[in-house]
Every structure is written in C-alpha cells, then in structure tokens.
1. Counting only residues that are touching a strand residue (DSSP E or B) at 6+ places or on another chain (Cβ under 9 Å) and of a type in the set (A, V, I, L, M, F, W, C), which one in region 105-123 is most open to solvent (accessible area, probe 1.4 Å)?
2. Consider Asn157 against the criteria (1) in contact with a Ser or Thr (Cβ under 8 Å, 6 or more places away or on another chain); (2) buried (at least 17 other Cβ atoms within 10 Å of the Cβ): it satisfies all of them except one. Which criterion is unmet?
3. Asp140: open to solvent by 30 Å² or more (accessible area, probe 1.4 Å), modelled with pLDDT under 95 and touching a helix residue (DSSP H, G or I) at 6+ places or on another chain (Cβ under 8 Å), yes or no?
4. Quick check: anything in region 83-104 open to solvent by 40 Å² or more (accessible area, probe 1.4 Å), of a type in the set (A, V, I, L, M) and at negative phi?
5. Here is a list of conditions, (1) surrounded by 15 or more Cβ atoms within 10 Å (Cβ to Cβ); (2) touching a residue at least 60 places away in the same chain (Cβ under 8 Å), and Tyr168 meets all of them except one; can you say which number that is?
6. Among the residues of region 41-67, count how many are buried (at least 22 other Cβ atoms within 10 Å of the Cβ) and of a type in the set (A, V, I, L, M).
7. Of everything in region 135-150, what is touching a strand residue (DSSP E or B) at 6+ places or on another chain (Cβ under 6 Å) and over 15 Å from Phe58 (Cβ atoms)? Give them in sequence order.
8. Looking only at region 31-47, count every residue that is touching a helix residue (DSSP H, G or I) at 6+ places or on another chain (Cβ under 7 Å) and modelled with pLDDT of 95 or more and tell me the total.
Amino acid sequence: MGASPIIRHVYEETIERFGEPDQSYAFYDPPPPPESNWPERIDVLIWFDEQDLAITSFATVGMADKPMVGCDHRAELHFAVRRTASTMDLNKVSAFCANLALYPFMNKTSLDWAHTITQPGSIPYFPSCDALLMYPAFTDEGWDKTTFDSQNIHILNLVPVTFEELAYRSKHGPFSIFDYLAENEVDLFTDRNVGAS
C-alpha cells in the first residue's frame, strides 16, 4: 500500500523546504493492539552537516498519518545534532526518532509545542540530558506547521533538556523554558557537557 495523501503532502513539503535527504531509513511498526490506531510506517530522512555548521538533521515522515488522542492536530518530529554525520550512528538516531513518533499512540496521548517527554530513554549524543522538549520553529522564518485538507500538522523539534532546565519550566510555566534557554545561550543541538559523546 502506498503512502496516504497526507503523508505524501508532508514528504513533498519536507523535500521542498530542505532538499533531497542524504540518507533515509524506513521503520515498519509491529502490529498494534486491535483497539489502537498507530502509523504503520515511519520514515526518517537525514541531511548531513547542514549549512557547514556540522549539524546533522533528522525528520520523521509517517507520524501524521494517524490522529493523536485529545487534540485536533497531527505531528511530525525533527531532531538536530551538532555533529558531522560521519561521526554518528545514523541508524541508532533514526530508530530513536521513529520510536518517539509512536510515543503518543502507545500512551494514548498527544504531543505539541512546549510539551515534554520526561523518560525518553537514552538520548543519542546527549548523555547529560534527561528529557525532551517539543520546540516550535527556531527562527521566525522556520517551519513549524503545515496544513493538508483542513488538517493541521505541527512540526515538533525535539530539544534535549536537563532536569535542572525542566525544574525551571515546572516553576515558571511550560513556555518559560524557551526564554530561559535563549537567555542562557544554550546550544540546543549539543549536549550540555562540552566534549561529551
């Protein structure tokens, strides 16, 4: 079976915005429980060393095929790491992204900007970080949503954060962490411990 119209739209817009990926992986999900409604396939597209900044970028395509519980939007995930692709286990990072794409379906919940996942497992190349923050576009010109046939699709940038950063968010409100990270000039694409691998 080919990709659904909404997934074809997500794929085409992703390619239009970022160009053809340098590599990709396809993950076919195991059959879900009968009462569930999971995406059957998650593709992870990879772009190497973006704009000479040594940032390798990952994007899921497939998560938006199914609705999440308790919200009126769908979602796809993006993840960026300030490392060259040649120094990374790309399959491991792609599998991490694909597994996270199933998180809301497995847990009968939804994800949106400013939400966090507090126990995502080991975050590849971020050993000092304990959770993930769903970030909107990083710049005013950035991409954080698209629409297909009146269906909103949010692009959620996965930003690893520490327990200390989460504590600030808990004390000051869910959106406060964006200002906190900016004011402290936190590199969102690098582990907090310089030189960590």
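The values are calculated or read from the model by the stated rules, or taken from the named source; none is laboratory data. This is a predicted model, so every value here is computed, not measured. Reconstructed Cβ throughout: ideal geometry from the backbone, glycine too, with neighbour counts over all protein chains shown. To get the accessible areas, we keep the full protein, side chains included, count just its heavy atoms, and leave off ligands, DNA and RNA. Shrake-Rupley method; radii C 1.70, N 1.55, O 1.52, S 1.80 Å.
1. Residues of region 105-123 that are touching a strand residue (DSSP E or B) at 6+ places or on another chain (Cβ under 9 Å), as a first pass: 110-120, 123.
Next, from what is left, pick out any that are of a type in the set (A, V, I, L, M, F, W, C): 111, 113-114, 117, 123.
Values: Leu111: 5, Trp113: 59, Ala114: 3, Ile117: 4, Ile123: 8 Å².
Restricting to residues being touching a strand residue (DSSP E or B) at 6+ places or on another chain (Cβ under 9 Å) and of a type in the set (A, V, I, L, M, F, W, C), the top hit is Trp113.
2. (1)
3. Details: open to solvent by 30 Å² or more (accessible area, probe 1.4 Å): yes; modelled with pLDDT under 95: yes; touching a helix residue (DSSP H, G or I) at 6+ places or on another chain (Cβ under 8 Å): no.
Against the criterion (open to solvent by 30 Å² or more (accessible area, probe 1.4 Å), modelled with pLDDT under 95 and touching a helix residue (DSSP H, G or I) at 6+ places or on another chain (Cβ under 8 Å)), Asp140 does not qualify.
4. So the first thing to find is which residues in region 83-104 are open to solvent by 40 Å² or more (accessible area, probe 1.4 Å), and the list is 83-84, 86-87, 89, 91-92, 99, 103.
Going one step further and asking which of them are of a type in the set (A, V, I, L, M), we end up with none.
The answer is no; no qualifying residue exists.
5. Result: Tyr168 fails condition (2) only.
6. The total comes to 7.
7. Across region 135-150, the qualifying residues are Asp144, Lys145, Thr146.
8. 5
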